[in-house]
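The values are calculated or read from the model by the stated rules, or taken from the named source; none is laboratory data. This is a predicted model, so every value here is computed, not measured. Neighbour counts run over all protein chains shown; Cβ positions are idealised from the backbone, glycine included.
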Amino acid sequence: MNITPTLSFILLLVSQMSLFLNDSLAQTVTAKEPAKKIQIAWAGDGDTNILSKVVKLLSTSFQCEFSIGGRMAPLKDPSSIDEISRLSNERSPDTLFLLVLTDMPGSSFVEKAYKGYGVAVINIAASKPTKASAGSRSLEALHTERIQRESVRMVAQLLGVGICVFPRCAMSVARSEAELDEKSLNLCPPCAVKAEEALKQLGALRTPPKPPSLK
Ligand SMILES: [Zn+2]
């Protein structure tokens with residue numbers, strides 16, 4: 001009786017089994033890792049209601065988890081790399097990016113995404129609308145909308161999404177206040193795909209809700 005074919009069959013079976021085990025082990029490890037989040041927080045005084053509205057929009061625009069962080073100390077100079085580096089180091093390990101809102105009237109700082117540090121800062125005072133630009137709309141609602149759009153833009157920039165040519169996309173360049181307010185609060189489909197790809201690579205892609213089980 002020739003046992004060689006039987007033996008090779010067994011060896012094949014064992015190798016297949018170990019591949020299967022490795023695979024399920026890898027899946028278990030991935031599932032246990034906490035999902036990386038993008039955290040939004042105020043530095044200094046700010047309206048928590050604005051944070052909730054920003055997080056609400058961001059959650060529909062990006063396939064990842066967002067959280068609202070505790071109030072941080074007021075920023076001295078958001079254009080200083082030392083300060084940005086400090087904010088970056090203070091992030092918790094499960095925080096992918098930190099988006100900081102600050103209200104600094106009189107400061108020339110507008111907004112900036114520091115991609116290498118995973119930190120973006122928006123000075124909301126810089127986008128405060130004038131009565132003339134608001135028209136019949138409420139100044140507060142228009143301002144919140146601008147902050148929401150800037151937040152989408154900053155997160156997309158941190159993810160490596162660049163300037164978009166589609167005028168309605170949040171990533172397009174507005175040449176006037178009127179053009180800015182005509183832009184959508186969201187990303188166009190190609191920019192949304194780029195953002196999703198980046199989140200996937202960074203291990204922060206939100207797992208889609210399970211589809212309803214079929215009976
Ligand atoms: Zn776009």
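So the values come out like this:
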{"quantity": "Checklist (1) over 23 Å from D94 (Cβ atoms); (2) more than 16 Å from the ligand (Cβ to nearest atom); (3) not charged (D, E, K, R) applied to V119, failing item", "calculated": "(1)"}
{"quantity": "In the range 163-174, the residues that are near the ligand (Cβ under 9 Å from one of its atoms) and small (G, A, S)", "calculated": "A170, S172"}
{"quantity": "Residue count, the range 196-212 (criterion: outside any helix (DSSP H, G or I) and among the small types (G, A, S))", "calculated": "2"}
{"quantity": "Members of the range 155-174 found to be in a helix (DSSP H, G or I) and touching a Phe, Trp or Tyr at 6+ places or on another chain (Cβ under 9 Å), listed by number", "calculated": "V155, A156, L158"}
{"quantity": "Enumeration of residues in the range 175-195 that are outside any loop (DSSP other than H, G, I, E, B), more than 10 Å from the ligand (Cβ to nearest atom) and farther than 14 Å from V152 by Cβ", "calculated": "E177, A178, E179, D181, E182"}
{"quantity": "Residue within the range 140-161 that is over 15 Å from V54 (Cβ atoms), within 16 Å of the ligand (Cβ to nearest atom), of a type in the set (V, I, T) and touching a Lys or Arg at 6+ places or on another chain (Cβ under 9 Å) present", "calculated": "yes"}
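The rows are residues; the columns are (1) at pLDDT below 95; (2) within 25 Å of P78 (Cα to Cα); (3) crowded, with 16+ Cβ neighbours inside 10 Å.
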residue: R146; (1), (2), (3): no, yes, yes
residue: I163; (1), (2), (3): no, yes, no
residue: K200; (1), (2), (3): yes, no, no
residue: K210; (1), (2), (3): yes, no, no
